[in-house]
Amino acid sequence: MHFREMKHHGFYESLPRRAQYNISDACGATATLNDILSTEQIAAMASIPLIYGSVEGREDLREAIYQLYADIYPELGIEQLTILSGTAEGLFSIMASILESGDEVIGALPCYPSLSDLPACFGAVFKGVELQEQKQWQPSIAEFAAQITDRSKAIVINSPHNPTGMVLSQLWLDELIELCDQHGLYLISDEVFSLSDFAGSGCQPKVLQYDKAILANVLSKTFGLPGVRVGWVMTRNTALTESIRNLKTYNSICQSQLDEQVACVVLNNAKALIEKNNAIVHANIELFDAFVQERDWLSWHKPGAGLLGLVHSERPLQALLQEWFEKDVLVLPGQLFGIDGDYFRVGFGKVDFPQALANIC
Ligand SMILES: Cc1ncc(COP(=O)(O)O)c(C=O)c1O
């Protein structure tokens with residue numbers, strides 16, 4: 001196996017210096033332990049035994065996570081949930097468990113680089129369905145169906161989507177599940193932005209009724225806690241759960257006990273943090289929409305959920321991003337996510353977004 005560096009990590013390293021603001025960041029509002037834990041909860045962490053934890057993850061943590069899904073999957077439970085180090089480990093473990101050399105994986109392009117690039121690490125081929133701006137970035141089922149061959153193994157989706165902000169409807173997902181079922185395909189649902197439902201549109205995909213579907217989610221995005229490496233995968237497919245847990249015994253073995261403790265506290269109070277962070281995203285999106293409307297050389301499809309949006313500039317991108325970087329504002333070009341042309345990604349999770357925008361006004 002050979003692993004190439006993910007494009008956007010190389011991009012960050014190539015920058016001459018750090019900018020004060022990064023308005024492309026894909027995470028929710030940054031928090032410290034002091035922001036999310038009480039003094040007593042922080043003090044209690046000092047007496048946690050720093051031993052190995054369980055491979056599948058702490059039972060009470062999985063119980064708290066399951067509460068995010070209890071309404072839509074009442075028949076499932078913590079047995080179907082496995083804790084991993086972020087969705088990064090989740091996607092890796094899923095693909096390592098299902099892919100063999102020569103397999104094909106179908107997914108949308110542009111996308112988070114791991115979705116398109118990981119399959120090649122296992123000798124598989126990624127086949128992209130190109131999302132188009134004039135179609136509001138919405139793919140059709142027919143476009144996915146057209147990519148299916150005898151070698152197809154899985155379809156991967158990410159809704160709300162990185163980088164476009166596109167949201168797949170449940171009607172569309174139901175049709176996709178039917179297509180997967182007809183061809184015996186796995187369905188990998190990367191749901192890292194699904195709790196960023198700032199307008200209450202009901203953007204959480206429901207896919208686990210299909211026994212070859214698996215979802216992945218994490219504390220990094222809506223909760224704004226990428227430094228707490230706690231993510232999870234959930235599937236009713238017991239063979240897949242077993243394989244993912246077995247793989248974990250060879251790499252991370254378990255989560256950090258401190259991370260699991262923080263995650264427990266956060267998830268037992270999930271609703272409040274989700275609402276707080278979604279309000280920030282909502283306000284930033286409105287602010288940015290006004291910024292776009294005031295500039296006839298910018299255009300976008302304002303996202304209805306998630307944390308991200310993709311913007312087109314009629315001014316040449318490289319010079320524009322350079323000009324903004326000089327004003328201490330970093331913006332990531334669309335090329336890092338597999339889209340050519342003068343597009344850039346914007347992330348709405350940060351509290352300092354208005355100040356960043358003021359710098360480039
Ligand atoms: C769509 C998507 N999936 C997965 C990840 C991986 O993040 P993490 O490992 O923090 O879950 C990211 C990070 O930006 C992402 O945007």
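What the table shows:
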| quantity | calculated |
| --- | --- |
| Relative contact order %, the chain, counting alpha carbon pairs below 8 Å whose residues are six or more apart | 26 |
| Pairwise FRET efficiency - Ala43 versus Arg315, Cβ, R0 = 51 Å, nearest 0.05 | 0.45 |
| Label-reachable residues, segment 250-291, where backbone N falls under 18 Å from a point 7 Å from Asp60's Cα toward its Cβ | 255-271 |
| Segment 269-357: GluC sites (Glu not before Pro) in DSSP coil with no more than 16 other Cβ atoms inside 10 Å | Glu294, Glu314 |
| 3J(HN,Hα) from dihedral phi, segment 302-315, Karplus parametrisation 6.51/-1.76/1.60, rounded to Hz, x for glycine, proline | 4, x, x, 6, x, 10, 10, x, 10, 10, 9, 10, 7, 7 |
| Positive-end residue of Leu240, Leu208, Ser256, charge dipole of segment 184-308 with Cβ unit charges | Leu240 |
| Kyte-Doolittle at least 0.5, axis length at least 18 Å by Cα - qualifying DSSP helices, the chain | 86-98 |
| Inter-site label distance for Leu258 and Gln67 at 7 Å from Cα along Cβ, in nm | 2.5 |
| Directionally averaged shadow of segment 177-284, computed from the convex hull of its alpha-carbon atoms, nm² | 8.2 |
| P(r) tail fraction, the chain - alpha-carbon pairs more than 36 Å apart, % | 20 |
| Pairs beyond 22 Å (Cα-Cα), from Lys135/Lys350; Lys248/Lys350; Lys135/Lys327; Lys221/Lys271; Lys221/Lys302 | Lys135/Lys350; Lys248/Lys350; Lys135/Lys327 |
| Inter-centroid distance (Cα atoms) of segment 87-128 relative to segment 188-223, Å | 18 |
| Charge dipole (debye, nearest 20) of the chain; +1 at Cβ of Lys and Arg, -1 at Cβ of Asp and Glu | 500 |
| Amide H within-cut-off set for Val230, under 5 Å, with H built and near neighbours excluded | Gly86, Leu219 |
| For segment 262-336, the Rg and Dmax computed from alpha carbons only, in angstrom | 16.1, 47 |
| Charged-residue dipole, Cβ positions (Lys, Arg, Asp, Glu), segment 116-267 about Cα centre, Debye nearest 20 | 340 |
| Neighbour-count ranking [beta-carbon atoms within 10 angstrom, fewest first] of Arg58, Arg4, Arg345 | Arg4, Arg58, Arg345 |
| Efficiency of FRET between Asn359 and Thr32 - r from beta-carbon atoms, R0 25 angstrom, step 0.05 | 0.55 |
| Extension gain (nm, one decimal) between Glu178 and Ala272, 0.36 nm per residue minus Cα-Cα | 30.3 nm |
| Among Leu84, Phe198, Ile42 - extreme Cα towards positive end, dipole of segment 36-269, charges at beta-carbon | Ile42 |
| Segments 213-219, 72-78 sorted - mean Cβ within 10 Å per residue, highest first | 213-219, 72-78 |
| Segment 208-224 - phi-based ³J(HN,Hα) in whole Hz, Karplus 6.51/-1.76/1.60, Gly and Pro as x | 6, 5, 8, 7, 10, 9, 9, 10, 10, 8, 6, 7, 5, 9, 4, 7, x |
| Loop chymotrypsin sites (Phe, Trp or Tyr not before Pro), segment 195-304, which have at most 16 other Cβ atoms in a 10 Å radius of their Cβ (DSSP) | Trp297 |
| Under 5 Å, built H, 5+ apart or other chain: amide partners of Tyr186 | Ala154, Ile155 |
| Overall form of segment 1-113 per C-alpha gyration tensor (a/c, 1.5; a/b vs b/c) | oblate |
| Rounded if a/c under 1.5, otherwise prolate or oblate - segment 189-236, Cα gyration tensor axes | oblate |
| Tensor-based shape of segment 107-188 (alpha-carbon gyration tensor, a/c under 1.5 rounded, otherwise prolate or oblate) | oblate |
| Peptides 157-164, 13-20 ordered by average Cβ neighbours within 10 Å, highest first | 157-164, 13-20 |
| Sorted by Cβ neighbour density within 10 Å, fewest at the top, the residues Ile253, Ile94, Ile65 | Ile253, Ile65, Ile94 |
| Nearest-0.05 FRET efficiency for Ala120 and Ser14, computed from C-beta distance (R0 30 Å) | 0.85 |
| Computed helical MRE - 222 nm, the chain, DSSP H runs ≥ 4 contributing -39500 (n - 2.57), nearest 500 | -11000 deg cm²/dmol |
| In order through segment 148-159: 3J(HN,Hα) via Karplus (6.51 cos²θ - 1.76 cosθ + 1.60), integer Hz, x for Gly, Pro | 6, 10, 5, 8, 5, 10, 8, 10, 10, 10, 8, 9 |
| Fewest-first ranking of Lys135, Lys350, using other Cβ atoms within 10 Å as the exposure measure | Lys135, Lys350 |
| Stretchable slack from Ala199 to Phe291, in nm (0.36 nm times residue separation minus alpha-carbon distance) | 31.1 nm |
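Read-outs throughout are calculated quantities, based only on the coordinates presented, and are distinct from any laboratory measurement. All values derive from a computational prediction rather than experimental measurement. Positions of Cβ are generated from backbone atoms using ideal geometry, with glycine treated the same way; all protein chains shown enter the neighbour counts.
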